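Enquirer: Structure below; questions to follow.
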Amino acid sequence: MDISYYPGCALHGTSKEYDESIHAVCAALSINLHELDNWCCCGASAAHMTNGELNVALNARNLAIAEKTEWNELLAPCPLCSGVMQKTQKTLADNPEKLDSVRQVIEQPDYRNDARVVNILQVLQKGIGSLRIASNPLKGLKCACYYGCFLVRPPKIVQFDDSENPTSMDDIMTAVGAEPVEWAFKTECCGGGFTMSNSKAVIELAGRILSDAKENGAECIVVACPMCHVNLDMKQSAVADHLGWKDERLPVFYVTQLVGLALGIDVEKLGVKRHLVNAMPLVSRLAREGDARG
Amino acid sequence: MIHHAHQDGNGFRSEVNLLAETSVQDCYQCGKCTAGCPMAASHDRPIHQLMRLVQLNTERARVEALSCRAVWTCLSCEVCTSRCPKNCNPAGVVDALRELSLRSGVANPGEENIQRFHEFFLNSIKSNGRVYELGLMMKYKFDAGFHFKMNTAVQDATLSLPMFSRGKLNITPDKFENIEEVRRIFDSVEKRP
């Protein structure tokens, strides 16, 4: 299968391991990723929170590039990127005058506004048959599947899974042998783009998520969003101080890293060592248990 | 401004409705948006009150809504919009208020950190086509230091070394070829009234 790929800025920077693990897993599932030529930033929170028209124009520019490829779907693994793309599509579909105007702004008179944007869980769902027969199933791994905001909200725009109790990531983790825990914070916001500008809020919100995961027996958190990863992994030592945790830490994986481990992909290729919370003890334990099972 | 309390907010409500693609008149103040809001405890104005201020459409309501801190402390997590039983778009309304508050120059100075971060973020796109994370972080930190906000300037300083050693921070911006195309988009959007 061939699909277009929009990594977005974070996956070329602070979230390289997400990009690395997506490439590794897609290769294993025979999915060929074709990165969009000369994609620009989607505008992220800054554009959609302060300048609606700029947000629409930047996204329409990228979507116009995607339309010109021969592939039917565009994978945007960062849920903020895919969310603002889909929001743009809805705005332009509902307002023909805005569509006319954005065609001029992006200098693309033939822009149709009909690319199909998908998230990483939708791509993994297609390969779920291969995941069920993965060579190194993650047996016994208790994980908290964390969806955050834009994978599932607002439901009218993203039209994916259940916005209050999503299960698609849990299904994927179950398929590779892990045991997702029941917990209450699957879709609570982690503080998103406030990592630098309102750290106090992030520490409070990320703290609630990490403690609920831990209280419900999770050994790790699984995410599909670079901002969630930053707030839960990079900020975890600050959050731990706030929560009064001593040495306890919860490793935070991208869903593609755990799927990759289950498929037997080398840990180096999945970028697991890039995390700030050391995930290697947990990875080694899984490997030992796998060996013991034979 | 008390004597302006009953003056019409100069099309404030229609402008918000247009930007947020919604109709705030439909809101019946059930408070479900505020009940689910992760930032409700720290907002100076809960989200259902912002909806009410837009409904009121008076000059005083306009100034109160545009100059409150909540439009900046809102995370745009979309819980309110997802749960609204009247199909209003509170998250979109806050996006609209934020935009209008910048345009009319009444953005709350108490949340300047957040405003500056958004501004630097957009500047980074305009200069590089993609966000150059290291450059953005340095500019934001230097600016905070320059304005004597030392807590902001030194916050997370201990993270930079581990981020470098794990290859999470690129020294140079991502390669991007069509910067003029992106600048023309910024210019054309900025030129509009």
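Enquirer: Quick one: residue A:65 ticks every box in (1) under 17 Å from residue A:51 (Cβ atoms); (2) within 23 Å of the chain's Cα centre (by Cα); (3) surrounded by fewer than 24 Cβ atoms within 10 Å (Cβ to Cβ); (4) among the β-branched types (Val, Ile, Thr) except a single one, so which number is it?
Expert: (1)
Enquirer: Identify, by number, the condition in (1) farther than 30 Å from residue A:200 by Cβ; (2) outside any loop (DSSP other than H, G, I, E, B); (3) more than 10 Å from chain A (Cβ to nearest Cβ) that residue B:190 doesn't meet.
Expert: (3)
Enquirer: Among the strands (runs of 3 or more DSSP E) confined wholly to segment A:1-113, which include 1 or more residues that are small (Gly, Ala, Ser)?
Expert: A:2-5
Enquirer: Among the candidates B:23, B:76, single out the residue that is within 14 Å of another protein chain (Cβ to nearest Cβ), among the small types (Gly, Ala, Ser) and more than 27 Å from residue A:201 (Cα to Cα).
Expert: B:23
Enquirer: Follow-up. Condition check: touching a strand residue (DSSP E or B) at 6+ places or on another chain (Cβ under 9 Å) and not hydrophobic (A, V, I, L, M, F, W, C). Does residue B:57 satisfy that?
Expert: In short, yes.
Enquirer: To continue, here is another question. Just to be sure before I move on: is residue B:88 hydrophobic (A, V, I, L, M, F, W, C), more than 10 Å from every other protein chain (Cβ to nearest Cβ), over 16 Å from the mean Cα position of the chain (by Cα) and crowded, with 18+ Cβ neighbours inside 10 Å in the structure I sent? Write out each step before concluding.
Expert: Details: hydrophobic (A, V, I, L, M, F, W, C): yes; more than 10 Å from every other protein chain (Cβ to nearest Cβ): yes; over 16 Å from the mean Cα position of the chain (by Cα): yes; crowded, with 18+ Cβ neighbours inside 10 Å: yes.
In short, yes.
Enquirer: For residue A:28, state whether it is small (Gly, Ala, Ser) and in contact with a Ser or Thr (Cβ under 9 Å, 6 or more places away or on another chain). So that I can check it myself, show each step before the final result.
Expert: On the way: small (Gly, Ala, Ser): yes; in contact with a Ser or Thr (Cβ under 9 Å, 6 or more places away or on another chain): yes.
When the stated conditions are applied, residue A:28 passes them.
Enquirer: Please find, among B:68, B:77, B:30, the residue that is under 26 Å from residue A:83 (Cα atoms) and either within 17 Å of the chain's Cα centre (by Cα) or assigned to a loop (DSSP other than H, G, I, E, B) (or both).
Expert: Being under 26 Å from residue A:83 (Cα atoms) and either within 17 Å of the chain's Cα centre (by Cα) or assigned to a loop (DSSP other than H, G, I, E, B) (or both) holds for just one of B:68, B:77, B:30, which is B:77.
Enquirer: Another question about this same structure. Give the residue that is nearest to residue A:205 (Cα to Cα), with candidates limited to residues of segment B:3-17 that are part of a helix (DSSP H, G or I) and at pLDDT below 95.
Expert: Per the criteria, the residue is B:4.
Per-residue answers, yes or no, for (1) out of contact with any Cys (no Cβ under 9 Å at 6 or more places or on another chain); (2) more than 28 Å from residue A:166 (Cα to Cα):
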{"site": "B:20", "(1), (2)": "no, no"}
{"site": "B:51", "(1), (2)": "no, yes"}
{"site": "B:63", "(1), (2)": "yes, yes"}
{"site": "B:84", "(1), (2)": "no, no"}
{"site": "B:87", "(1), (2)": "yes, no"}
{"site": "B:94", "(1), (2)": "no, no"}
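Enquirer: Which one is surrounded by the most Cβ atoms within 10 Å (Cβ to Cβ) among residues in segment A:1-57 that are aromatic (Phe, Trp, Tyr) and either farther than 23 Å from residue A:121 by Cα or within 14 Å of chain B (Cβ to nearest Cβ) (or both)?
Expert: The selected residue is A:18.
Enquirer: Does residue A:64 fit the bill of being within 26 Å of residue A:228 (Cα to Cα) and among the hydrophobic types (A, V, I, L, M, F, W, C)?
Expert: Working: within 26 Å of residue A:228 (Cα to Cα): no; among the hydrophobic types (A, V, I, L, M, F, W, C): yes.
The answer is no for residue A:64.
Enquirer: Which of the residues that make up segment A:123-158 are touching a strand residue (DSSP E or B) at 6+ places or on another chain (Cβ under 8 Å) and more than 30 Å from residue A:289 (Cα to Cα)?
Expert: Result: A:148, single match.
Results for (1) in a loop (DSSP other than H, G, I, E, B); (2) hydroxyl-bearing (Ser, Thr, Tyr); (3) in contact with a Lys or Arg (Cβ under 8 Å, 6 or more places away or on another chain); (4) surrounded by fewer than 20 Cβ atoms within 10 Å (Cβ to Cβ), shown as yes or no for each residue.
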{"position": "A:140", "(1), (2), (3), (4)": "yes, no, no, yes"}
{"position": "A:150", "(1), (2), (3), (4)": "yes, no, no, no"}
{"position": "A:153", "(1), (2), (3), (4)": "yes, no, no, no"}
{"position": "A:162", "(1), (2), (3), (4)": "yes, no, no, yes"}
{"position": "A:169", "(1), (2), (3), (4)": "no, no, no, no"}
{"position": "A:182", "(1), (2), (3), (4)": "yes, no, no, yes"}
{"position": "A:185", "(1), (2), (3), (4)": "yes, no, yes, no"}
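The rows are residues; the columns are (1) free of Cβ contacts under 8 Å to residues at least 24 places away in the same chain; (2) not polar (S, T, N, Q).
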position: B:111; (1), (2): no, yes
position: B:132; (1), (2): no, yes
position: B:149; (1), (2): no, yes
position: B:160; (1), (2): yes, no
position: B:166; (1), (2): yes, yes
position: B:176; (1), (2): no, yes
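Enquirer: Look at segment B:134-193 and say how many of its residues are hydrophobic (A, V, I, L, M, F, W, C), surrounded by 11 or more Cβ atoms within 10 Å (Cβ to Cβ) and over 30 Å from residue A:35 (Cβ atoms).
Expert: So the answer is 4.
Enquirer: Wholly within segment A:226-272, which helices (runs of 4 or more DSSP H) include no fewer than the required count, namely at least 1 residues that are of a type outside the set (S, T, N, Q) and under 16 Å from residue A:206 (Cα atoms)?
Expert: Counting at least 1 such residues, we get A:226-229, A:236-243.
The values are calculated or read from the model by the stated rules, or taken from the named source; none is laboratory data. Since the structure is predicted, the reported quantities are computational estimates derived from the model, not experimental observations. Quick reminder, even Gly has a Cβ in these numbers, built from the backbone with ideal geometry, and neighbours come from all protein chains shown.
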